[in-house]
Amino acid sequence: MNRLIPTSGAIFLEGPAGTGKTTEAAQYLRRLLEAKVAPERILVLVPQRTLGRPYQLAAHEAGRAGGTVETLTLGGLAYDTIARFWPLLAERAGFADPTREPTFLTIETAQYFMARLANPAIAAGNFAGVSIGAPRVISQTFDNLNKAALLGDTLEDVQMRLTGAWADRHSSRPQVYEASRHLAEQFRAHCLAHNLIDYSLAIQLFSNYLLSDRRFSVPFFERYAYLIADNIEEDHAASHAFIRWALPHLEGALLIYDADAGYRVFLGADADGAYNLSAECDEQLTRTEARVASPAIVALTSEFSRLIGPEFVPFVDTDDDQAVLAPEAPKPKSKGKGKKAAVAPPNPLDGFRFETHAYYPQMITWTADQVIRLVREEGVAPRQIAVLAPYLNDSLRFSLVYRLEAAGIPTLTHRPSRALRDEPAVRAMLTLARLAYPTPTDLPPPADVADALAAAIADLDPVRARLLAAAVYGTGRTELGAFDKISAPMQSRITYRMGERYEALRAWLAQQGQVSAPLDHFFRRLFGEVLAQPGYGFHGDVEAGRVIAQLIGSAQTFRTTLYPDFTPDSDWSAARQEYFDLIGAGLLATLHAASWNDETIDAVFIAPATTFLLRNRFVDYQFWLDVGNGAWGERLDQPLTNPYVLRSDFPPGAPWTDALEEETGRSMLYRVIVGLARRCRKQIYLGIADLGEEGAEERGLLLNVFQRVIGRHQPPVVPETVPEAPS
């Protein structure tokens, strides 16, 4: 039994995931509140807003009135304090109009302003040395801006680090790094000229100006006396610097560190820097007892550590699969008299099940069948099942969702990096908006109209939707035609019931086109008044409601940030077209908090593996798909940046070699699979296909790891004794 964590002094609490650290920290918070500490005197710092949910629930359960426990990221804290202390830093930081309040940019609106600068640079050939589109140029340039802010470096420092790490000095890559730096400098100058503050600038202002100003620090510590910082290994150097700055002035602090984690490296996570904070604390506590995973899963995790952990010894290449799978000789067991029989240690083979398939679609079918069996035959709640893959592509997602929902099992998918335009429900909403507000230069093609009608009208299959679209939206038309104007045989084929629903939708769209309104108002009314009603496609569709809520929020943020002086009666035609262009370029994919707070939905969760890890969620069963895919241990290709080179501990000027790339992939694979296993209570299912989605044979490192586990623990095959023939 662990003793209670002291509520005074600075405490560093470390241990693997699933050992109860966050539960103890929530109890720590409740004990502070029970001791009559005012809620507003406590600050909870997390690397991602949704990770603060356990503390919000704990504070609510404590039932203290009169204040709230603030749960913030460093970015959120920076935005709040900059807004309050704007006069202290506006002129010193170089803003053009210190008397005017700043505008804080979201990821989306920052991308909009960057796109205005990036598109001419791309057209001029400044990024011809890399084969990536405008959205990736913009996002990776923002990555460099953010890394510079988090490390306290300049943009020139970032460019020099990237150039020094690039081994091929004769390529065009150094020129591309320079073009990215120039684009970042243009964006920063635009922000200062127009009082715009994006995430990177907020971190710079907070770290470089506010932390060193007593006019900020004195009221800060008059307000906050206690700090809880969870998942510090997923946070960045600027957050660690803030914690180090605050610790000496607090009455109590609790820092929670997950061992073998650090999944947000691409966002600047610095696990080593987080661990260094332990030296700043008065006491270090360690938790090691697994409270979630079964003994077999714990044994499997130990095998991962032995085979691919920090003390990893490279596998010996062999063409003989049997050599890899050969079992070790069993150790003899003692049979001494009077001794109790030894209890067999947990077998890691009991922690997972697998089935190998020749083809990728067979693996998907097997996965769906196993999920259906768990839910129907074993009574497992759908929310206790997670289906994970290195990447969640459209075909995998559609195939799984279709089969499971056809069996009556709800699903929930989450891909944070997916552009809004790629969601079918969003595409339908955008097409209907363009039909309601048509312009000669931006008419949706008939195929898009057919898809929108199929999504919008319940029971209208794609074949009849295409027939309907061809009949009412022919070549050269700018608006939808009436159903009663098409031929009687075609009406009969489409059915009059579908025609009635279509006519109600067409009349509603025509009515909206008579007035100019912001897009978020239009989307909200279209969904609520038509598409969510019985007889239409989004009635009762939780997934569609979620992504449309994200679309509405995106359009609203766009409006309030870029057109704050407009009224509902203003001419919104130009603003609408700008939004259509922006979302059509694939730039809109911001973090939507509601999509991270749907943990109570009883649905099978389908997501990329790292997305599941960032939720810090625990389930009974996990499915790991496409285990042979090397993508489990590969980082995303980012030609304009490198999150490992842009770390404080990477030597400036040192080359980034293939050996470092391989070591980085192995290390990340270890962290991912250990993190997943520790968040699984009962069993892991492995989906393995000899041939991947593109038909190529797959033999990635993760598959090799499981082959080694099987080879070490499967029982030896004892040959049958053949009696000798009589002489």
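The values are calculated or read from the model by the stated rules, or taken from the named source; none is laboratory data. Given the structure is predicted, the values throughout are model-derived calculations rather than measurements. For neighbour counting, all protein chains shown are included, and Cβ atoms are generated from backbone atoms with ideal geometry for every residue, glycine included. Side chains included, ligands, DNA and RNA excluded: accessible areas come from the protein's heavy atoms. Shrake-Rupley method; radii C 1.70, N 1.55, O 1.52, S 1.80 Å.
Please report, in debye to the nearest 20, how large the charge dipole of segment 147-284 is about its Cα centre when each Lys and Arg carries +1 at its beta carbon and each Asp and Glu carries -1 there. Show your work: numbers first, answer last.
Numbers: 11 positive and 21 negative charges, 143 e Å.
For this selection, approximately 680 debye.
Remark: spin-label model distance Thr365-Ile710 equals 2.1 nm, labels positioned 7 Å along the Cα→Cβ axis.
So how many Lys-Lys pairs in the chain land under 24 Å Cα to Cα, not counting same-chain pairs under 8 apart? Step by step, the pairs that qualify in the chain add up to 4. Does segment 172-283 come out rounded, prolate or oblate, given a ≥ b ≥ c as the square roots of the eigenvalues of its C-alpha gyration tensor, rounded meaning a/c under 1.5 and, failing that, prolate meaning a/b above b/c? Judged from the Cα gyration tensor, segment 172-283 comes out oblate (a/c at least 1.5, b/c at or above a/b). Taking amide H as placed 1.01 Å from N in the peptide plane, Thr103 has its amide H under 5 Å from the amide H of Leu196, Ile197, each at least 5 places away in sequence or on another chain. Put simply, the amide H of Gly628, placed in the peptide plane, has neighbours under 5 Å in Ala689, leaving out anything fewer than 5 places away on its chain.
Derived scalar couplings between HN and Hα for segment 429-446 equal 4, 5, 5, 5, 5, 5, 6, 6, 10, x, 10, x, 9, 9, 8, x, x, x Hz in order, rounded to whole Hz, by the Karplus curve 6.51 cos²θ - 1.76 cosθ + 1.60 (θ = phi - 60°), x for Gly and Pro.
When restricted to Cα atoms, segment 5-109 yields an Rg and a Dmax of 17.6, 51 Å, respectively. Sorting 242-249, 545-552 by average packing, meaning the other beta carbons within 10 Å per residue, from highest down gives 545-552, 242-249. For segment 185-195, the Karplus equation 6.51 cos²θ - 1.76 cosθ + 1.60, evaluated at θ = phi - 60°, returns couplings of 5, 4, 5, 4, 4, 5, 4, 5, 6, 10, 6 Hz by residue, with Gly and Pro reported as x.
The slack in the chain from Asp565 to Asp350, taken as 0.36 nm per residue of separation less the alpha-carbon distance, amounts to 71.1 nm.
Nearest 20 debye, what's the magnitude of the dipole of segment 40-151 about its Cα centre given +1 on Lys and Arg Cβ and -1 on Asp and Glu Cβ? Show your work: numbers first, answer last.
Working: 10 positive and 9 negative charges, 33 e Å.
Taking the Cα centre of segment 40-151 as origin, the dipole is about 160 debye.
Taking 7 Å steps out from each Cα toward its Cβ at Ala167 and Ser648 produces label points 2.9 nm apart. With Rh defined as the Kirkwood radius, the inverse of the mean 1/r over Cα pairs, the Rg/Rh of segment 353-478 is 1.09.
What is the sum of charges around Leu210, taking Lys and Arg as +1, Asp and Glu as -1, for the other residues whose C-beta is under 12 Å from the C-beta of Leu210? Before the final figure, lay out the partial values.
Numbers: positive: Arg84, Arg92, Arg214, Arg215; negative: Asp80, Asp213.
Once positives and negatives cancel, what remains is +2.
Projection of the Cα convex hull of the chain, averaged over all directions and equal to a quarter of that hull's surface, yields 43.9 nm².
Take the Cα pairs of segment 469-543, get the Kirkwood Rh, then feed it into Stokes-Einstein at 25 °C and 0.890 mPa s and tell me D in µm²/s.
Values: Rh = 13.8 Å.
My calculation gives 177 µm²/s for D.
Heavy-atom accessible surface of Tyr209, to the nearest 10 Å², is about 60 Å², with a 1.4 Å probe and all protein chains retained.
Here's how it looks for Leu285: its modeled amide H is under 5 Å from those of Phe12, Leu13, Glu14, which are all 5 or more places away or on a different chain. Using a simple spin-label model with pseudo-atoms 7 Å out from Cα toward Cβ, Met160 and Ile107 lie 3.1 nm apart.
Using the Cβ atoms and a cut-off under 15 Å, what net charge is assigned to the surroundings of Phe566, where Lys and Arg are +1 and Asp and Glu are -1? Can you show the working numbers first?
Details: positive: Arg559, Arg576; negative: Asp520, Asp565, Asp569, Asp571, Glu578.
Taking every other residue near Phe566 into account, the sum is -3.
Think of each Lys and Arg Cβ as +1 and each Asp and Glu Cβ as -1; about the Cα centre, that makes the dipole of the chain roughly 1560 debye. Accessible surface calculations at 1.4 Å, restricted to protein heavy atoms, place the chain at 46 Å² per residue. Ligands, DNA and RNA aside, Phe216 has an accessible area near 0 Å² when probed at 1.4 Å.
Filter the trypsin sites (Lys or Arg not before Pro) in segment 340-393 down to the DSSP loop ones having no more than 12 other Cβ atoms within 10 Å, then list what survives. Please list the in-between numbers first.
On the way: sites: Lys340, Arg353, Arg373, Arg376, Arg383; in loops: Lys340.
When the trypsin sites (Lys or Arg not before Pro) of segment 340-393 are filtered for loop state and at most 12 Cβ neighbours within 10 Å, Lys340 remain.
Expressed as a whole percentage, what fraction of the accessible surface of the chain belongs to carbon and sulfur atoms when a 1.4 Å probe is rolled over the protein heavy atoms?
Numbers: 17770 of 33570 Å².
Accessible surface attributable to carbon and sulfur in the chain totals 53 percent.
Given a 1.4 Å probe and the protein chains as shown, Tyr359 ends up with an accessible area of around 120 Å².
What is the sum of charges, Lys and Arg at +1 and Asp and Glu at -1, for the other residues whose Cβ falls under 12 Å from the Cβ of Arg434? Let's see the in-between values first.
Details: positive: Arg427, Arg576; negative: Asp442, Asp448, Glu479, Asp581.
Charge balance near Arg434 sits at -2.
Since only Val515, Gln284, Phe242 are under comparison, the one whose Cα sits farthest along the positive direction of the charge dipole of the chain, derived from C-beta charges on Lys, Arg, Asp and Glu, is Gln284. For segment 92-99, the Karplus equation 6.51 cos²θ - 1.76 cosθ + 1.60, evaluated at θ = phi - 60°, returns couplings of 4, 7, x, 6, 5, 10, x, 7 Hz by residue, with Gly and Pro reported as x. For Ser492 and Asp461, what does the FRET efficiency come to when R0 = 22 Å and r is the distance between their Cβ atoms, rounded to the nearest 0.05? After rounding, the FRET efficiency stands at 0.90. Enclosing the Cα atoms of segment 594-697 in their convex hull gives a volume equal to 158 cubic angstrom per residue.
When DSSP beta bridges are restricted to pairs lying wholly in the chain, around 5% turn out antiparallel.
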